[in-house]
1. Just to be sure before I move on: is ARG638 among the basic types (Lys, Arg) and touching a strand residue (DSSP E or B) at 6+ places or on another chain (Cβ under 8 Å) in the structure I sent?
2. Conditions first: (1) buried (at least 19 other Cβ atoms within 10 Å of the Cβ); (2) modelled with pLDDT under 90; (3) in a helix (DSSP H, G or I). ASP435 passes all but one, so which condition is the exception?
3. Are there any pairs with C-beta distances below 8 angstrom linking a residue in the range 201-217 that is assigned by TED's automatic domain parsing to the domain that holds ILE237 to a residue that is part of a loop (DSSP other than H, G, I, E, B) and among the hydrophobic types (A, V, I, L, M, F, W, C), with the two at least 6 apart or on different chains, and if so which?
4. Would you point out the residue of the range 553-574, among those that are in a helix (DSSP H, G or I) and of a type in the set (D, E, K, R), that is surrounded by the fewest Cβ atoms within 10 Å (Cβ to Cβ)?
5. Could you list all residues from the range 617-655 that are surrounded by fewer than 13 Cβ atoms within 10 Å (Cβ to Cβ) and of a type in the set (Ser, Thr, Tyr)?
6. Give me the strands (runs of 3 or more DSSP E) completely within the range 291-376, filtered to those with at least 2 residues that are farther than 29 Å from ALA193 by Cα and not basic (Lys, Arg), ordered by residue number.
7. Could you identify the single residue in LEU290, LEU378, LEU335 that is farther than 30 Å from SER243 by Cβ, surrounded by 20 or more Cβ atoms within 10 Å (Cβ to Cβ) and modelled with pLDDT of 90 or more?
8. Mind listing just one residue for me: the one in the range 534-552 that is in a loop (DSSP other than H, G, I, E, B) and in contact with a Gly (Cβ under 7 Å, 6 or more places away or on another chain) and, of those, surrounded by the most Cβ atoms within 10 Å (Cβ to Cβ)?
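The values are calculated or read from the model by the stated rules, or taken from the named source; none is laboratory data. The structure displayed is predicted, hence computed values, not measured ones. Here the Cβ positions follow ideal geometry from the backbone for every residue, glycine too, while neighbour counts run over all protein chains shown.
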Amino acid sequence: MAETGKRIIFHELLTPEEALNKVFSIVKVEPLGIETVRIEESYGRVLARDVYSRIDVPPFDRSTMDGFAVRAEDTFGADELNPVRLRVIGNVETGAEELPRVNPGEAVEIATGAPMPPGANAVVMVEYTKRSGNELTIYRSVTPGENVMSAGSDVMMGELVLRRCTVIREREVGLLAAVGLDKVEVFRRPRVAIISTGNELVSPGNTLGPGKIYDINTYTISHAVRALGAEPLIMGIVKDDLSEMRNMINKALGISDLVLLSGGTSAGLADLTYRVLDEIGPPGIIVHGLKVKPGKPTVIAVSRDGKLVVGLPGYPSSALMIFNIIVKPILARMLCMGIDETKIRAKLAIRADGARGRRALYPVGLVDTGHGIVAYPLPAESGAISTLAFADGYMVIPETVEYLESGDEVEVTLFTHQYMPANLYIIGSHDIGLDVLIPMLPGFVRARVINVGSMGGLYAVKRGEADVAGLHLVDEETGQYNVPYMVKYSVNNAVLVRGYLREQGLIVPRGNPKNIRGIEDLLKDGIRIVNRNKGAGTRFLLDMKLKEIASKMGVKFEELVRKVNGYYYEVKTHTAVAAAVAQGKADAGVGIRAAAAMYGLDFIPLGWESYDFAIPINRLEKDSVKAFLNMLRSSEFRDALSKLPGYKVPNDIGEVIWRGQ
């Protein structure tokens, strides 16, 4: 503890990273509890639990256009010179509950957003039709699924729609509403007490006396706290008086989760902050100065009940920069969220000197010249208040660099414009196993999943856009999965990593009323199927099976599929297949066992498929990719995946099974 009248000596300066590591090793910094809020009050809050959809969105096949619901097959070949004529048998409006069945040669007038009637698989826009009484003339053909949004094509029942620790904003609340939630569990906002210290400070609105300045830090820091989603508690100004400061800090500790002071942390005779902060322990002060300029006198203390107190510099721009590098990571952990920062590249306008063994933090103003961004270093230690008005962000000169010259490229961290890029892009075929794996990844991994199908993922890897792509593509000639496609499409910049096995089969109604036993039964009269979209691995599997049957029968594949009622009825997800069967729109469809289980449907196994992962070779050393592979190989993931219906874990999961040349 410092004695009265003696100057503070900084015994051990730490880098910001060392300081945070010390904080996190002494104090358990984590979310502070869970509360339930209505979704209209959830803006900026952080989800405390994963959110799974209890419905398909949309919950039924719906028209995306005003027009006529038809069987697409009935319109093939239609054009201006050779129109097709169908009989209109009814009308369907939005919200309709009783729907007419569309048989060959029939059509139903339908409104945008209305449910598709059974038997119909496409909508002809009204602009391409002419109606006379109950006779409809069609001047343009449609393909199966055209102008139709399939059940579950937006969100699947059972799908993980929002992950724990997601910040709720306008897009996320739309998802919550879409799946029918009116309340949501969120983490409690940390309460952050804010104290400004100094005899010279006066609150805005009061008259300034000689030698006085208005308090700025209370308001800049409180807004920075609020921008992160925490709750600022403005305690006011405390004078340089030992008793007054002690009482204020103890009061703040009693009503808050974190205390922030500004000013009173330098080595001057009048600085009393260190004395008070050492009294609140043990342990008291744990960080006593940083290897940064400005911000060297930053102090961090821990009270006897484990609460943190951070002393920030007095100059407003310096306080805001230290807030960004020290306080923001602490609050991010208390909120279970990533650090939202935008970093941009710019060229330095003028020379900027380093700080001789300390990390220099320069507030900068940015100018768009039309030919690029230029960064102007602004005074950080002069106390110039205008620095805040002109500073767009700050740049860093490492402690090992003496100076940066005009024209050097620098990275600028913006004070505003929240943005958190992903560091693991998973593009390809969606799978429930990924929804199990991703929440198990370490906190530094920010995964973004983009579901474009197996072929889409293959191309994304080849172009270097994806870090990981899930594939389940079966080769017709060999029956082998994925490897033949890596070779065929010359994905030589990547490796293929063994994933796991999923059971594919026919999804049929409970009790299997049509007594379907295999693919051959799909050719029988009275049986209608639902198919997957082109490019889907499941579509590849069905086509392969149908080609085998066509070969045995001595007919062409194209001729055979015309006998499969519903072959052109396409949906984009496994649960959309199950939804179509559950809603009576189809008697069968190929999908995974897990989708059948979600809907309580029967399942006829066709075999096991390999769901593997293509990864660009130059991403294998990326930290987030290494974390993905480590979790893929872990016993924790093996155990969790094995509990899902229709999944198996091979012994060589996570091993490279093919490498590009």
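1. Numbers: among the basic types (Lys, Arg): yes; touching a strand residue (DSSP E or B) at 6+ places or on another chain (Cβ under 8 Å): no.
Criteria not met by ARG638.
2. So the condition that ASP435 fails would be (1).
3. Listed by first residue and then by second, the contacts come to VAL202/LEU208; TYR214/LEU208; ILE216/ILE385.
4. At the first step, the residues of the range 553-574 found to be in a helix (DSSP H, G or I) are 553, 557-561, 574.
Right, trim to of a type in the set (D, E, K, R) and you get 558-559.
Details: GLU558: 8, GLU559: 10.
Step by step, filter the range 553-574, then rank; the result is GLU558.
5. SER635, SER642
6. Details: elements: 299-302, 308-312, 343-348, 359-368.
So the answer is 343-348, 359-368.
7. Details: LEU290 fails: farther than 30 Å from SER243 by Cβ; LEU378 fails: modelled with pLDDT of 90 or more.
Result of the check over LEU290, LEU378, LEU335: LEU335.
8. First, the residues of the range 534-552 that are in a loop (DSSP other than H, G, I, E, B): 534-536.
Checking which are in contact with a Gly (Cβ under 7 Å, 6 or more places away or on another chain) leaves us with 535-536.
Values: GLY535: 17, ALA536: 24.
Restricting to residues being in a loop (DSSP other than H, G, I, E, B) and in contact with a Gly (Cβ under 7 Å, 6 or more places away or on another chain), the top hit is ALA536.
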